[in-house]
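The values are calculated or read from the model by the stated rules, or taken from the named source; none is laboratory data. Given the structure is predicted, the values throughout are model-derived calculations rather than measurements. No Cβ is skipped: glycine too gets one built from the backbone with ideal geometry, and neighbour counts run over all protein chains shown. Each accessible area value is taken on the protein alone, full model and side chains, heavy atoms only, with ligands, DNA and RNA left out. Shrake-Rupley method; radii C 1.70, N 1.55, O 1.52, S 1.80 Å.
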Amino acid sequence: AAAETFIIQVPLLQADENWTALAIGMRTYRSHARVQEAGCTALLKLVGDPAANADTVKKNQDGIVSVGGIIVILAAMRAHAGDANVQVQACCALQSLSWNNDNNQLVIAGSGGIIVVVAAMTAHEGLVSMQLSGCLVLRNVASHNSSTAQESIASAGGIDTVVAAMGAHTLELDLQEQGCAVLCNLAMDDAISMVIADAGAIGMVVAAMTAHVGHAKLQEQAVWTLMNICGTDARAPNFWKLQKRIQDEGGVGVVVDAVDAGTTLRTFKFGHILLEKLWRKPTDPFPVSAAEYAEIK
């Protein structure tokens, strides 16, 4: 009865921006799935819309995390691993809390959140909303300028999980785009690019570009992803191997088509950089320095 009463109170606590009481209630009724679902949903809404007011969002993100918001969300996911509604709402809340917030990205990674999110995606592999919300969390954490965060995702099986999600839901445009975004951010660490290629990601990105040829944002994200996978420098140990993998899996053709379509400036710019690398030969000079490429990325 007490848990049900708390659920009724959740909208009022949300309206009052009382994230402390929400966190306490989620801790108190941890075994109650609907409390956890309602709490995660309220925390998600409390963060706000980054496009509307970035300063307010940052204040809300930091306030929620200061009362243990990420910890209680991850506890909810661990306690209700089989409940898809809890898992999806929890990942949506984590995505919102980690958007453009370096500290919160590290809190998620440091609190075992990557393993929890990957486990949720694996357990609910047929649910598109689960795969999408999970990819959004991994995308944000992988965007942190830290090889530790990126390596944690790779070691937790995140690459295979994202590739599997893309392969299982090929017609889901948003999922394909966000799957590419995760791989793109992970490939900022050159050491992970070969792991990404070995997981079958290059073929999956090419397939996404082929299936969604008319969608500008997907094409842009996919070209960017292939550019990062190919690497920063022809002198890098795996550059020529990765170049050949992209060539062999049809990357040149889809990138040429994307560049010719010219739907966004980034597609045009990144596509030309990538094609220049894909057409390189070992005897050619490499005009883009590692420093210049790192600035582009």
Open item on the list: Name the single residue that is nearest to Trp224 (Cα to Cα) among those in the stretch 174-198 being part of a helix (DSSP H, G or I) and open to solvent by 50 Å² or more (accessible area, probe 1.4 Å).
Closed with: Asp190
Task: Scope the stretch 247-275; condition in contact with a Leu (Cβ under 8 Å, 6 or more places away or on another chain) and crowded, with 24+ Cβ neighbours inside 10 Å; matching residues - done: Gly251, Val255, Leu274
Task: Condition check for Met121: surrounded by 22 or more Cβ atoms within 10 Å (Cβ to Cβ), within 13 Å of Val182 (Cβ to Cβ) and touching a residue at least 12 places away in the same chain (Cβ under 8 Å) - done: yes
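A quick yes/no check of all residues on (1) among the hydrophobic types (A, V, I, L, M, F, W, C); (2) touching a helix residue (DSSP H, G or I) at 6+ places or on another chain (Cβ under 9 Å); (3) open to solvent by 30 Å² or more (accessible area, probe 1.4 Å):
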residue	(1), (2), (3)
Gly25	no, yes, no
Thr28	no, yes, yes
Glu37	no, yes, yes
Ala54	yes, no, yes
Lys59	no, no, yes
Val67	yes, yes, yes
Ala75	yes, yes, no
Ala79	yes, yes, yes
Asn85	no, yes, yes
- [ ] Output yes when any residue across the stretch 74-82 is free of Cβ contacts under 8 Å to residues at least 60 places away in the same chain, farther than 15 Å from Gly134 by Cα and of a type outside the set (Gly, Ala, Ser), and no when none is.
- [x] yes
Task: When residues of the stretch 220-240 are limited to those that are open to solvent by 10 Å² or more (accessible area, probe 1.4 Å) and at pLDDT 95 or above, the one farthest from Asn185 (Cα to Cα) - done: Glu220
TODO: Of all residues in the stretch 1-16, count the ones that are open to solvent by less than 90 Å² (accessible area, probe 1.4 Å) and at pLDDT below 95.
DONE: 0
Task: Residue that is farthest from Ser111 (Cα to Cα), among those in the stretch 122-152 that are assigned to a helix (DSSP H, G or I), at pLDDT 95 or above and over 8 Å from the mean Cα position of the chain (by Cα) - done: Val128
